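**Student:** Below are the structure tokens for one structure; questions will follow.
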Amino acid sequence: MKFPLYFSRKIAFSKDNKNNLSRVIIFIGRLSVALGIIVSLITVSTGFGSKKAIKERLADFSGHITVKSTRSNSSYNTSVLDNQGLDTKKIRQLPDVESVQKYATITGIMRNEHNFAGIIFKGIGKDFDSLRFKKFLLAGNTPKVTEKGYNNGVVISQKIANDLHLKVKDSIVTVFSKTDQQPIYRKFEVVGIYKTDIKMIDDQFVIGDINHVRKIQNMKPDEVGGIDIFFKNVNDIDTDFPEIEKLIGYKNYAEKATEKFPQITDWISIFDTNIALIIIIMLIVVVINIIMVLLILIIERTNSIGLLKTLGASNSQIRATFINYTLIIMIPGLLYGNLIGLGLILIQKFFGVIKLNPENYYVSTVPVDLNPLVIISISLGILLISGLALIIPSYLISKISPVKAIKYN
């Protein structure tokens, strides 16, 4: 074992080398490291968790990527999807694609004696992924659409249900209007109530049979307004988007889930800045405290430094000894910081202790994302940066004269 590491371990684990001052300084150093780890872990896990949860909610409701006709533009009344150049078979065969489902939308107004609500009626087909949608259901089920005849069951959001005083099995009249035509009335039965916590979705969308939209829009039985493409992982959206664009034809266009609601995307992007800023602040605090610990340990052990120099130890060996000594002091802080930080994160993950207002944050509880690679990187990063930061102040050792140091009290 090399001398600097051996000697630093000897003085670090010695029971007789800690006076009252060094105990306080070491405690402060370890506390700063622990707090830095705790704050960094919570910041990263909640920041990444929030980004992932919001993206998944957007994607699981409306598809990771949606394909529509260019004639639809930004209208909620979808035009017929053009089949020229559209290869749904190849899209389904892409490795990252989990499912593809058709849909068509039209705007309308739900009304009763209590109130009215402007809605976007999203017609679904028999390929609708009810299992994926189940996470949003608060009551009831999704309508069993066979595309033979008309299913009058609809799933409405909790917001619409509260506004119209509706519950499962209640009936509701919906009015659809078309240019230069008389309003079209449809009576639906509420078979389910959902909640995504995404205000722009919960305020408007109603799920029902695609055949109602086809009838109102004068579409043919096999025509659709668009397709929702779902991936196995939400992170595949950006990587697979160019491949999807090649398979949809030039008269259709693809849209990412994160692009449908730009205000949410802009809000999510702020997380990256906040995460980076908080971690930088924590690093600065930790590094300043660790440098302070090193300097006080050097002053406290001036006699030992003089003795080591007298015995022939070089300045670089002594500097390495004190840097190793300081890093060894940090290790309990790293361990306790990880234990406490991970404990708090796991409590939030399984019990959802901290609640949020979904109208402002798009989620009802603080979501967390436990990534082992990130957790290890935070600890190793703090340890490495602290070690590098100690190099410059450790040069103070070279200024210490052996003769004066031995006489120093």
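**Student:** Any idea how far the Cα center of the stretch 197-260 sits from the one of the stretch 26-98, in Å?
**Tutor:** Each part's Cα centre sits 15 Å from the other's.
**Student:** Show me 63-69, 269-275, 93-99, 76-82 ranked by packing, highest mean number of other Cβ atoms within 10 Å first.
**Tutor:** Final packing ranking: 63-69, 76-82, 93-99, 269-275.
**Student:** Extension gain Ile376-Asn218, at 0.36 nm per residue separation less the Cα-Cα distance, in nm?
**Tutor:** Here the answer is 51.1 nm.
**Student:** Then there is this: Quickly rank 284-292, 374-382 as a protection proxy: mean count of other C-beta atoms within 10 Å, highest first.
**Tutor:** Ranking the peptides 284-292, 374-382 by packing returns 284-292, 374-382.
**Student:** Stretch Leu396-Ile270 to full length: gain in nm at 0.36 nm per residue minus the Cα-Cα span?
**Tutor:** That pair, Leu396 and Ile270, stretches by 41.2 nm at full extension.
**Student:** 222 nm [θ] for the chain, helices only, -39500 (n - 2.57) per DSSP H run of 4+, per residue, to 500?
**Tutor:** -16500 deg cm²/dmol
**Student:** Between Arg71 and Leu277, what FRET efficiency follows from the Cβ-Cβ distance if R0 is 41 Å, with the result rounded to 0.05?
**Tutor:** E(calc), rounded to 0.05, equals 0.40.
**Student:** Next question. Highest first, please rank the peptides 23-31, 153-161 by the mean number of other Cβ atoms sitting within 10 Å of their residues.
**Tutor:** 153-161, 23-31
**Student:** I want to verify a result. In a Gaussian network model of the chain, Cα cutoff 10 Å, which of these has the top mean-square fluctuation: Phe48, Phe133, Phe350?
**Tutor:** Of Phe48, Phe133, Phe350, the most mobile in the Gaussian network model is Phe350.
**Student:** Now a separate question. In the stretch 251-409, how many lysine pairs have Cα atoms under 16 Å apart, counting only pairs 8 or more places apart or on different chains?
**Tutor:** 4
**Student:** Among Ala139, Ala257, Ala34, which one moves the most in a GNM of the chain with springs linking Cα atoms closer than 10 Å?
**Tutor:** Greatest mean-square fluctuation among the candidates belongs to Ala139.
**Student:** Where in the chain are the helices, taken as whole DSSP H runs, whose Cα atoms extend 24 angstrom or more along the long axis and whose Kyte-Doolittle mean reaches at least 0.5?
**Tutor:** Length and hydropathy pass: 20-62, 262-300, 315-351, 372-389.
**Student:** Once fully extended, how much extra length lies between Leu335 and Glu98, figured as 0.36 nm per residue of separation less the alpha-carbon to alpha-carbon distance?
**Tutor:** Extending this stretch completely gives an extra 81.3 nm.
**Student:** Give me the net charge for the shell around Gln217: Cβ to Cβ below 9 angstrom, other residues only, Lys and Arg +1, Asp and Glu -1.
**Tutor:** Spelling it out: positives minus negatives among the neighbours equals +2.
The numbers here are math on the coordinates, done by the rules we state, and not lab data. From a predicted model like this one, the values you see are computed outputs, not experimental measurements. So basically every Cβ, Gly included, is an ideal-geometry build from the backbone, and we count neighbours across all protein chains shown.
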